[in-house]
Amino acid sequence: MPHATPLTRFSLPRLLPGAALAILLAGCGGTSSPPAQPAQPARDDNAGGRGALLRNSPTRLLSLDVAGVGAQLNKFGSQLLVVAGAPKCGIDFLQIAYNTVGAAGEATTASAALMVPSGADPACAGARPLVLYGHGSSFQRKLNMAAIADPDNEGAGRASTPAALYAAQGYIVVAPNYAGYDSSALNYHPHHIAEQQSKDMIDALAAARTALAGLSRPVAENGKLFITGYSEGGYVAMATHRAMQAAAIKVTASAPQSGSYAESLDYEALATPGLLDQPGAFSFSTQLQLVMQITAWQKAYGNLYAAPAEVYSPTYAGAMETLLPSSRMWTTLVADGKFPPYFLSTEMANYAGLDDARRAQFGTPAQSLMTAGYLGRVLADIAAHPCPVTSALAPLACTPANPMRAAWLKNDLRTWTPTAPMLLCGGNGDPEVGFDHARLTHAYFKAHGGTAQLLDVDSPAGANDPYARPKNIFAAIKQAVIDSGGDPGTADNYHGFMANVACEVAARDFFSRF
């Protein structure tokens, strides 16, 4: 629903086709090291307080020396280390479980990866900087950023990015799985609920700090805290920075990447004439994303509907709130009869005026996801109470009457101005998360006295350009995609590959300045 393109928002590193990047980056040397020390077993739950480690946490899942890190990361494509640099450190992969809250503030649990560098290199010992890393969206419940060696784990590929770019270079990494994933007690995910997701990240950080202090060889931070993430993780990174600033928690710098910070922007555009009629405008993954989002809004605010059948086809409505994240393959949900084959129904007001090709996208009310009446009321509210979402000064200055619309406006992050350094990174041609999210958020910050930087990796590198490297990386990957017969304009190639790699590199380069 928010995007008229496929919405996977996955941050899995893709294999770089060929050796197009090899000439751009010089690798760093590494030394071997013994495995990190095991964690202390069995802890109490600390009376259920937020950020408390759960019993038997942390759990060490894997310890690798420098050579082992290189071998493990090369499984995700040899070019990953060309971009990140050769590992300097071994990594101890710990899984931590902790107390946090759900979208409505209800007590629950979540888990995270804690990646601890080890080894003889000076970067791997002593007090070290810490990176709090947010991953992209997923429909699979089995997502554990600590289980990098498990090929059936959705989080394995995602974990390779912070492991290669940060942990293998000496940074401590805390990478939450988010509530609703892995071992979390929550049966839904509070997707893009800024208040909850920032609390989840802060709670993971608190639990990780307790775990670090309890290791057989305690690991100390050096006082530098960096926050980053890609796609949903970019949104989460910005929400977390906002929450930490409000709580007077010191942030050294942040680098949100390709996130939907201007949350209301795409939703408000739904009222654009003809948008809902475009063939393929709402892919299967887009519809799943919408269901996950509506559930999150309903759990957070409780007023979107009295019963799910108000929003969804009664045929499927009963299962929608617990459908995602799923323990089954999301690609087979329609075939398994768990999800409707159509998004919009023939009862939509515009259906009668469509041609046959466009009518073919619509199903009967029983076979369609959204009820025409509910969606029609949302669209009518946008028309009746327009919101200036592209304004740099006051983009949220409106009074929506519809509760769904109020929910997406509430989670728009253009409500503050960062005082710590921030880099907003993205690509101007991203078909999945439009660059306008970064551009308009940056404009809001600037209009309110902020100094955040904006980077478009899909732009030419200028003379003495501090971001020449990520821009050149983007251009090289784009050319490699073209040379291999791929389309660089697809969401998978652009958002999930080209902009992803370039922005991840830009984030680390940015952090290296502090």
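Here, each number is a calculation from the coordinates, and none is a lab measurement. Owing to the predicted nature of the structure, the values given are computational and were not obtained by experimental measurement. With ideal geometry, Cβ positions are generated from the backbone for all residues, glycine too; neighbour counts draw on all protein chains shown.
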Taking only Cα atoms, what is the 0 to 90° angle, nearest 10, from helix 372-384's long axis to the longest principal axis of the chain? 80 degrees
Among Tyr467, Leu440, Cys425, which residue has its Cα positioned farthest towards the positive end of the charge dipole of the range 372-471, with +1 placed on the Cβ of Lys and Arg, -1 on the Cβ of Asp and Glu, and the dipole taken about the Cα centre? Leu440
Under 29 Å, Cα to Cα: Lys pairs in the chain, sequence gap 8 or more or different chains: 25
Round to a whole angstrom and tell me the spacing of the C-alpha centers of the range 227-287 and the range 374-434. 10 Å
Nonlocal amide H pairs with Tyr230, under 5 Å, H built at 1.01 Å: Gly134, Gly136
DSSP beta bridges in the chain [antiparallel fraction, %, rounded to 5]: 50 percent
Sequence-distant residues sharing a close amide H with Gln140 (under 5 Å, placed H): Ser326
Under the Karplus curve 6.51 cos²θ - 1.76 cosθ + 1.60, θ = phi - 60°, whole-Hz ³J(HN,Hα) for the range 473-478, x wherever Gly or Pro sits: 5, 4, 4, 5, 5, 4
Against the longest principal axis of the chain, how steep is helix 284-301, in degrees 0 to 90 to the nearest 10, with axes from Cα atoms? 90 degrees
Classify the range 231-370: rounded, prolate or oblate, from the alpha-carbon gyration tensor (a ≥ b ≥ c, eigenvalue square roots; a/c under 1.5 rounded; otherwise prolate if a/b is larger than b/c)? prolate
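Give me the net charge of Pro87's neighbourhood, meaning all other residues with Cβ under 12 Å from the Cβ of Pro87; Lys, Arg count +1, Asp, Glu -1.
-1
Could you please report the charge total around Tyr351, scoring K, R as +1 and D, E as -1 over all other residues with beta-carbon less than 14 angstrom from its beta-carbon?
Local net charge: -2.
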